[in-house]
1. In degrees, nearest 10, range 0 to 90: what is the angle between the Cα axis of helix 169-184 and the longest Cα principal axis of the chain?
2. Give the shape of the stretch 4-65 as rounded, prolate or oblate, defined through the alpha-carbon gyration tensor: a ≥ b ≥ c are the square roots of its eigenvalues, a/c under 1.5 means rounded, and otherwise the shape is prolate if a/b is larger than b/c and oblate if not.
3. Below 8 Å between Cα atoms, with a sequence gap of 6+, how large is the relative contact order for the chain in percent?
4. Taking other Cβ within 10 Å of each residue's Cβ, how do 233, 12 sort, fewest first?
5. Using alpha carbons only, how many degrees (0 to 90, rounded to 10) separate the axis of helix 139-152 from the longest principal axis of the chain?
6. Summing -39500 (n - 2.57) over the DSSP H runs of n ≥ 4 in the chain and dividing by its residue number, what mean residue ellipticity at 222 nm do you reach, to the nearest 500 deg cm²/dmol?
7. Explain nothing, just compute: Karplus ³J(HN,Hα) = 6.51 cos²θ - 1.76 cosθ + 1.60, θ = phi - 60°, for every residue of the stretch 90-107 in order, whole Hz, x for Gly and Pro.
8. Can you give me the long-range amide H partners of residue 68? Hydrogens built in the peptide plane at 1.01 Å from N, cutoff under 5 Å, separation of 5 or more residues or another chain.
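No lab work stands behind these numbers, since they all come straight from the coordinates. Note that the structure is predicted; figures quoted are calculated from it, not measured. Here the Cβ is made from the backbone with ideal geometry for all residues, glycine too, and neighbour counts use every protein chain on show.
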Amino acid sequence: MGNLILKDIHTYFGTSHILFGISLEVRQGECVCLLGRNGVGKTTTLKSIMGLAESREGEITFDGKSLVGLPPYEIARMGVGYVPEDRIVFPDLTVRENLEIAAKPPLTADIPPWTANGIFELFPALKPLENRPAGYLSGGEQQMLTIGRTLMGNPRMMLLDEPVEGIAPVVVQEIVRKIRHLKELGLTILFTEQNIRFATDISDRAYIIEGGRVRYAGTMTDLEEQPDIKQKYLMI
Ligand SMILES: Nc1ncnc2c1ncn2[C@@H]1O[C@H](COP(=O)(O)OP(=O)(O)OP(=O)(O)O)[C@@H](O)[C@H]1O
Ligand SMILES: [Mg+2]
C-alpha cells in the first residue's frame, strides 16, 4: 500500500491554468523527488494530490482509489500525509501538545502507531523542547515538528514540500538523514526540492518540472549524467 499515480493532470487556480498534463508515479516504499526552479508547479502538484488545488482533467489514484474531487481531510484519512512549505505549528501549544493533537490511529494494525516519544527518538533535538511553546522554535526545529506532526497521523505516504528550504546546513543533514530513515521504515515519500544536491542523497527517482509540465523522468544516477538537463532546469 502507498502507490500514487497521477495521469495527465490539469490544475487551475481560478482561471489560471497552472499544470499542463502532469503524469507521475510513486510506488510503495519509493522516495521520489519533484525537482524544478521557482514557480514551476511543484507545490501545485502536491496541492493537487491533497485536494487543495482544483484538477479539472486527469486522474489521481492512491492505492487504486481516485482522489480527484475529495476534500483534503478525506485524502489525509486515506493515508496521505502532507508537510506544507509554510511549516505552520500551533505557536501557543507546547511541542508535545502539537504532536499529541495530531495523533490518528493507523489504517492497518500491522504497523505500530507513532507516539510523541517515538517522534522524540526520531528527532532527539525536540526532546528538551517538549514543554516549550512551539512558537519559540527555530526554523529547523519547526520543520522537525511539522514532520513529526504529520507522522502522528500514521500516514502510508508523505508529501513534503521543500523540507530543507531555508534551514541551517547542520539541520539540513539531520532532516535528510531522517527522511532516508522513514523510507527505510517503509513509508512512501514524494518531496519537492529546487536543489539537486539534497535530492540525490535520498531519492530513488526524480521528475523535473518546468512550466507546469514534466520535462524529465528518470533515476538520480541517470540524471547525474545529464549536465545539459541539470543546467537547463535546475539549481546546481
Ligand atoms: N493560489 C494561487 N493563485 C494563482 N496562481 C497561483 C497560486 N499559487 C500558485 N500560483 C502560480 O502557479 C505557478 C506555480 O506555483 P507553485 O507554487 O506550484 O510553484 P513551485 O514550483 O512550488 O515554486 P517554489 O519553488 O517557489 O515553491 C506560479 O506561476 C504561481 O504564481
Ligand atoms: Mg513551492
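1. With both axes taken from Cα atoms, the answer is about 80 degrees.
2. oblate
3. Worked out over the chain, it gives 28 percent.
4. By the 10 Å Cβ count, ascending, the order reads 12, 233.
5. 90 degrees
6. -9000 deg cm²/dmol
7. 7, x, 8, 8, 6, 4, 4, 5, 4, 6, 5, 6, 8, 5, 9, x, x, 6
8. 60
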